[in-house]
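Student: Below is the structure I would like to discuss, written out as structure tokens.
The values are calculated or read from the model by the stated rules, or taken from the named source; none is laboratory data. Please read all numbers here as calculations on a predicted model, not as lab measurements. Here the Cβ is made from the backbone with ideal geometry for all residues, glycine too, and neighbour counts use every protein chain on show.
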Amino acid sequence: MKYHVFFRRVSTDKQNMEMQQSADAYYREKLLPEEIKVIDEDALSANKKFINERPEMQKLISLIKEDQVDTLYAFDRTRLFRDYYEGIEFTDLCLKHDIQVIYTSEGNGNVQATKDIFLEGILAMFSDIEGKNIARRNIEASKRYPGRKLGYVKENKHYYKDPVKKELLEAYFSSLSKISTLDELALFLKKYRSIFKTNDETLIRIAQDPFYAGHDLSKGNYKLKHVEAYLSLKDFRAIQDSLGEVFNEYLKRLDDLESQKSYLPICGYCQKPLCYSKDKINNNSFFKCTTKSHPKVFISTIDLAKIIEMVISQIIIHLNSNKLLKHSLLQLRNIRKEINSQIQTIENQLNNLLETILLGEQNYTSNWKENNPQYQKLNALKIEKQRLLYKHGDGALASQ
């Protein structure tokens, strides 16, 4: 059974589906309940998420690929996609499966779906541009009027220092001026991440955010009169001048430590995966078992890498290449034997089918091939035979 699918999407939890529901009500009222399938994508931005990160959209795509969709209804193209390339791929998918797409929005320049891929490409481009403009405006607005900000209380579009965190943040900015080295910064962040219950990256972003100085510096020196500043613009610039490189080096250290999390060692006692931990102050990392019912298991990533390198070296040294080659050839012969057996079975089926077609076709017509299921089966067997012959890429089996 094919469905009439009604797809709706809102980007945030502050929006609702009412307008889209109202717009598609006209079409739903003409259908039987069992013909309708509704997919609501709630509080998910198509600007921020790729199409493969949208579960409800993936559900819709699966229905289309399984040929379970007769007609797709959406308010407009922007509800389905924002990205130009995703729009083209989705349009192409709908065309391949002969899906009728109806946009329920009326007027305001809305163009109904067409089967013209060129026109749809232009419209998808407009949707992409509009989406990027919305994202840009949101980013710019968040610099001056963020939804939430650590250390602030928002009232009537004004930002006042949070009485609970005021002294802590003032001490944080004041202490930053005394930092000069990477090791000092590591110790400093360790102290304040426990105070603010946040991570090092967030603490560094706070130190680099001119909002706390009551300014937006993205387009000049724009003073934010609605913000109660924690430090002066002069002091903020001094922190950036003295610690800018230190901040960048520390963030690179965090990335390097994170990249060492490429192993998944198993505890020899309890057979559970070891937990990865980072020592940011000493710039190293290690694996440990958190189970307390057996002796302590601990190994640094450096030592683990050395052990792995040593084991691999020993494997290579003691590798019996002749035995490996002999085993590989034996396996290849077994594979070829199996494929040849399948090919012989298909050959027998082909001969039997061909004999049936030649002896049994009495009413010959010019289009007998199209209407003869046995001939179609014959072609299918030929295709399967070719697939087996070239299964290993170079067609070596074809000559046998």
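Student: Can you pull out every residue in region 140-177 that is within 29 Å of the chain's Cα centre (by Cα), free of Cβ contacts under 8 Å to residues at least 24 places away in the same chain and assigned to a helix (DSSP H, G or I)?
Tutor: Ala141, Ser142
Student: From Asn16, Asn52, which residue is under 21 Å from the mean Cα position of the chain (by Cα) and of a type in the set (S, T, N, Q)? Write out each step before concluding.
Tutor: On the way: Asn16 fails: under 21 Å from the mean Cα position of the chain (by Cα).
Answer to the check: Asn52.
Student: Okay, moving on. Could you tell me whether region 261-273 includes any residue that is surrounded by 10 or more Cβ atoms within 10 Å (Cβ to Cβ), assigned to a strand (DSSP E or B), of a type in the set (A, V, I, L, M) and not assigned by TED's automatic domain parsing to the domain that holds Tyr172?
Tutor: Scanning region 261-273 turns up at least one residue that is surrounded by 10 or more Cβ atoms within 10 Å (Cβ to Cβ), assigned to a strand (DSSP E or B), of a type in the set (A, V, I, L, M) and not assigned by TED's automatic domain parsing to the domain that holds Tyr172.
Student: Please state which of the following conditions Ser127 fails to meet, knowing it meets all the rest: (1) touching a residue at least 40 places away in the same chain (Cβ under 8 Å); (2) surrounded by fewer than 16 Cβ atoms within 10 Å (Cβ to Cβ); (3) of a type in the set (S, T, N, Q).
Tutor: If we test Ser127 against (1) touching a residue at least 40 places away in the same chain (Cβ under 8 Å); (2) surrounded by fewer than 16 Cβ atoms within 10 Å (Cβ to Cβ); (3) of a type in the set (S, T, N, Q), just (2) comes out false.
Student: Would you check which residues across region 147-184 are farther than 22 Å from Lys234 by Cβ and acidic (Asp, Glu) and list them?
Tutor: The answer is Glu155, Asp162, Asp183, Glu184.
Student: Continuing with the same structure: Which one of Lys306, Lys296 is outside any helix (DSSP H, G or I) and within 30 Å of Asn283 (Cα to Cα)?
Tutor: Selected residue: Lys296, the only one of Lys306, Lys296 that is outside any helix (DSSP H, G or I) and within 30 Å of Asn283 (Cα to Cα).
Student: Given the conditions (1) at pLDDT 85 or above; (2) assigned to a helix (DSSP H, G or I); (3) among the hydrophobic types (A, V, I, L, M, F, W, C), report the number of the one that Ala124 does not fulfil.
Tutor: (1)
Student: Filter region 330-357 for residues that are of a type in the set (Val, Ile, Thr) and either outside the structural domain of Ala380 (by TED's automatic domain parsing) or over 26 Å from Lys377 (Cβ atoms) (or both) and give the result.
Tutor: Ile335
Student: Anything in region 74-89 that is under 21 Å from Asp24 (Cα atoms) and either over 17 Å from the mean Cα position of the chain (by Cα) or not basic (Lys, Arg) (or both)? List them, or say none.
Tutor: Kept after step one, since they are under 21 Å from Asp24 (Cα atoms), are these residues of region 74-89: 74-82.
If the condition is that a residue be under 21 Å from Asp24 (Cα atoms) and either over 17 Å from the mean Cα position of the chain (by Cα) or not basic (Lys, Arg) (or both), then Ala74, Phe75, Asp76, Arg77, Thr78, Arg79, Leu80, Phe81 are the ones that fit.
Student: Counting just the residues of region 192-208 that are under 19 Å from Glu249 (Cβ atoms) and free of Cβ contacts under 8 Å to residues at least 40 places away in the same chain, which one comes out farthest from the chain's Cα centre (by Cα)? Reasoning before the result, please.
Tutor: Step one: list which residues in region 192-208 are under 19 Å from Glu249 (Cβ atoms), which gives 192-193, 199-208.
Imposing the further condition that a residue be free of Cβ contacts under 8 Å to residues at least 40 places away in the same chain reduces the set to 192-193, 199, 203, 205, 208.
Numbers: Tyr192: 32, Arg193: 29, Asn199: 23, Leu203: 27, Arg205: 24, Gln208: 28 Å.
So the residue we want is Tyr192.
Student: Based on this model, can you work out whether Glu245 counts as outside any loop (DSSP other than H, G, I, E, B) and surrounded by fewer than 12 Cβ atoms within 10 Å (Cβ to Cβ)?
Tutor: Yes, satisfied.
Student: Among the candidates Glu35, Glu18, Glu29, which residue alone is among the charged types (D, E, K, R) and within 21 Å of His97 (Cβ to Cβ)?
Tutor: Every option except Glu35 fails the conditions.
Student: Sort out for me the helices (runs of 4 or more DSSP H) sitting completely within region 1-105 that have 1 or more residues that are in the same structural domain as Asn133 (by TED's automatic domain parsing), surrounded by 14 or more Cβ atoms within 10 Å (Cβ to Cβ) and of a type in the set (Val, Ile, Thr). Please lay out each step first, then the result.
Tutor: Numbers: elements: 18-28, 55-65, 77-80, 84-96.
The qualifying helices (runs of 4 or more DSSP H) are 55-65, 77-80, 84-96.
Student: Another question, if that's okay. Restricted to region 273-300, and to residues that are touching a strand residue (DSSP E or B) at 6+ places or on another chain (Cβ under 7 Å) and among the charged types (D, E, K, R), which residue is farthest from Leu189 (Cα to Cα)?
Tutor: Lys288
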